[in-house]
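**Q** First, the structure itself, so that you have it in front of you.
The values are calculated or read from the model by the stated rules, or taken from the named source; none is laboratory data. Because the structure is a prediction, the values reported are computed rather than measured. Cβ atoms come from the backbone with ideal geometry, glycine included; neighbour counts cover every protein chain shown. Accessible surface areas use protein heavy atoms only, side chains included; no ligands, DNA or RNA. Shrake-Rupley method; radii C 1.70, N 1.55, O 1.52, S 1.80 Å.
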Amino acid sequence: MLNLEERLDISKRIMEDFAHLTGLISDDRQERYLWTDAFAIFNFIGLYKLTHEERFKELALLLVDKVHRVLGRHRGDDGRSGWISGLDDEEAKEHPTIGGLRIGKRLPERRPDEPYDPILEWERDGQYYHYLTKWMLALCRVYQAVNDIRYLRWSIELAKTAHKAFVYTSDVDGRKHIYWKMSIDLSRPLVPQEGQHDALDGLATYAELQLAEQNAQANLSILSAELLDTLQMCKERDWSDWVTDDPLGIGELLCISYRLANLTLKGMKEPADLINPLLEAAYISLRAYLSKDFIYLPATARLAFRELGLAIDLHVIENLKDISERLPISQSLLEGILRFTALANRIEEFWLHLKNQEANSWSMHRNINMVMLATSLIPNGYLGESIEQH
């Protein structure tokens with residue numbers, strides 16, 4: 001098992017390589033992808049807080065600027081130009097997230113007259129709600145690290161925009177739902193189905209932003225209505241609706257459980273009733289996923305970033321043990337989940353092996369694999385401040 005110094009050294013090397021390979025600090029082509037860059041922000045902030053090296057803070061700030069200037073603007077191959085918000089350059093620089101942010105996929109978005117192809121759609125650009133929430137959280141982490149209120153304002157503006165565009169009331173059941181994918185200009189849904197955990201992610205993220213705004217006393221836009229919407233969506237679901245066999249999704253369940261627990265202890269009582277149902281869904285999902293014995297498969301049959309999503313949040317859930325006795329959490333359920341935490345180290349060790357990084361399954365998703373591995377090694381930037389740090 002790696003000690004903290006070894007984890008730091010490896011994470012530094014990974015993130016320095018990432019900065020060069022994606023054009024952040026080199027003349028290479030800009031490879032901006034919103035999910036990957038959000039986790040890169042978590043890592044740079046984590047490294048900055050652990051090492052106090054200014055260069056990691058500067059890399060985080062530089063990356064925020066690059067993402068906004070690339071993914072906040074139209075692609076060069078679809079006939080449109082400028083900021084997707086429609087604002088002029090000077091105003092858009094003050095509000096770079098107010099039109100949302102592109103995913104960064106390699107192909108242009110599907111035109112209104114093009115037929116839907118579920119396979120091809122994975123490669124097409126647009127906006128994903130669950131990517132936008134990760135960027136909201138990344139901006140919040142930057143604000144918390146550098147105390148510059150602009151980053152929190154940009155995060156809240158993005159939350160307002162995303163919620164207004166993605167959340168709708170169904171004509172079928174009269175309930176509110178969240179579109180999976182929207183067009184770049186947020187005018188039409190590209191994939192109308194709902195992400196399994198999107199409402200949970202939205203709830204946890206809005207709650208963190210609301211709390212940060214209250215603590216800052218910054219008089220920014222409040223997210224009360226958005227919080228109520230996502231809370232209602234979550235409470236209308238049974239815990240079994242969240243059960244998944246996707247390791248990345250299981251990781252989300254674990255992380256959101258911890259985030260809601262931490263927020264509850266910081267004074268936001270509304271999400272408390274969701275923690276046990278989330279842990280129940282995570283526990284059942286973990287047992288089902290591990291029955292597949294994926295750990296014995298070769299690298300060619302595995303996807304590193306999805307497994308590393310699970311590894312990250314197995315580390316995160318260990319922090320729940322320290323605060324669980326102050327919450328109405330099922331200790332037996334939590335203990336059942338904690339029995340699986342050693343799996344995180346096995347996943348990391350597998351993907352740290354250079355031979356496994358030679359597989360196409362690694363190289364085809366190199367950037368996202370790199371940053372997720374670094375996050376698993378040092379999850380503190382992703383995790384943010386716990387109640388124990390206050």
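**Q** Yes or no: TRP239 open to solvent by 50 Å² or more (accessible area, probe 1.4 Å) and touching a Phe, Trp or Tyr at 6+ places or on another chain (Cβ under 8 Å)? Lay out the reasoning, then the answer.
**A** Values: open to solvent by 50 Å² or more (accessible area, probe 1.4 Å): yes; touching a Phe, Trp or Tyr at 6+ places or on another chain (Cβ under 8 Å): no.
So TRP239 does not fit the description; no.
**Q** Which condition number does ASP17 fail, the rest of (1) among the acidic types (Asp, Glu); (2) more than 23 Å from the chain's Cα centre (by Cα); (3) over 30 Å from TYR206 (Cα atoms) being met?
**A** Going through (1) among the acidic types (Asp, Glu); (2) more than 23 Å from the chain's Cα centre (by Cα); (3) over 30 Å from TYR206 (Cα atoms) one by one, ASP17 breaks only (2).
**Q** Now a separate question. Here is a list: LYS164, LYS134, LYS176. Which entry is among the basic types (Lys, Arg), in contact with a helix residue (DSSP H, G or I) (Cβ under 7 Å, 6 or more places away or on another chain), open to solvent by 30 Å² or more (accessible area, probe 1.4 Å) and on the phi < 0 side of the Ramachandran plot?
**A** LYS176
**Q** Moving on. Please determine whether any residue of the range 376-388 is open to solvent by 40 Å² or more (accessible area, probe 1.4 Å) and among the small types (Gly, Ala, Ser).
**A** No: the range 376-388 contains no residue that is open to solvent by 40 Å² or more (accessible area, probe 1.4 Å) and among the small types (Gly, Ala, Ser).
**Q** For the range 162-186, which residues satisfy the criterion of being in contact (Cβ under 8 Å) with a residue 24 or more places away in the chain, closer than 16 Å to LEU231 by Cα and of a type in the set (Val, Ile, Thr)?
**A** VAL167, ILE178
**Q** So is LEU314 surrounded by 19 or more Cβ atoms within 10 Å (Cβ to Cβ) and within 24 Å of the chain's Cα centre (by Cα) or not?
**A** yes
**Q** I'd like the full set of residues that are open to solvent by 20 Å² or more (accessible area, probe 1.4 Å) and either assigned to a helix (DSSP H, G or I) or in contact (Cβ under 8 Å) with a residue 12 or more places away in the chain (or both), limited to the range 85-101.
**A** Quick first cut of the range 85-101, residues open to solvent by 20 Å² or more (accessible area, probe 1.4 Å) only: 85-91, 93-95, 98.
SER85, GLY86, LEU87, ASP89, GLU90, GLU91, LYS93, GLU94, HIS95, ILE98 - these are the residues of the range 85-101 that are open to solvent by 20 Å² or more (accessible area, probe 1.4 Å) and either assigned to a helix (DSSP H, G or I) or in contact (Cβ under 8 Å) with a residue 12 or more places away in the chain (or both).
**Q** Please go through the range 287-306 and give me each residue that is at pLDDT 95 or above, assigned to a helix (DSSP H, G or I) and open to solvent by less than 60 Å² (accessible area, probe 1.4 Å), ordered by number.
**A** ALA299, ALA304, PHE305
Yes/no per residue for (1) in a helix (DSSP H, G or I); (2) open to solvent by 20 Å² or more (accessible area, probe 1.4 Å):
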residue: LEU308; (1), (2): yes, no
residue: SER324; (1), (2): yes, no
residue: PRO328; (1), (2): no, yes
residue: LEU334; (1), (2): yes, no
residue: ILE337; (1), (2): yes, no
residue: ALA344; (1), (2): yes, no
residue: GLU349; (1), (2): yes, yes
residue: LEU354; (1), (2): no, yes
residue: MET372; (1), (2): yes, no
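**Q** Can you tell me which residues in the range 187-236 are in contact (Cβ under 8 Å) with a residue 60 or more places away in the chain, acidic (Asp, Glu) and either open to solvent by 20 Å² or more (accessible area, probe 1.4 Å) or in contact with a Gly (Cβ under 9 Å, 6 or more places away or on another chain) (or both)?
**A** ASP201, GLU208, GLU226, ASP229, GLU236
**Q** Which of the residues that make up the range 145-161 are open to solvent by 20 Å² or more (accessible area, probe 1.4 Å), out of contact with any Ser or Thr (no Cβ under 9 Å at 6 or more places or on another chain) and more than 16 Å from LEU63 (Cβ to Cβ)?
**A** If the condition is that a residue be open to solvent by 20 Å² or more (accessible area, probe 1.4 Å), out of contact with any Ser or Thr (no Cβ under 9 Å at 6 or more places or on another chain) and more than 16 Å from LEU63 (Cβ to Cβ), then ASN147, ILE149 are the ones that fit.
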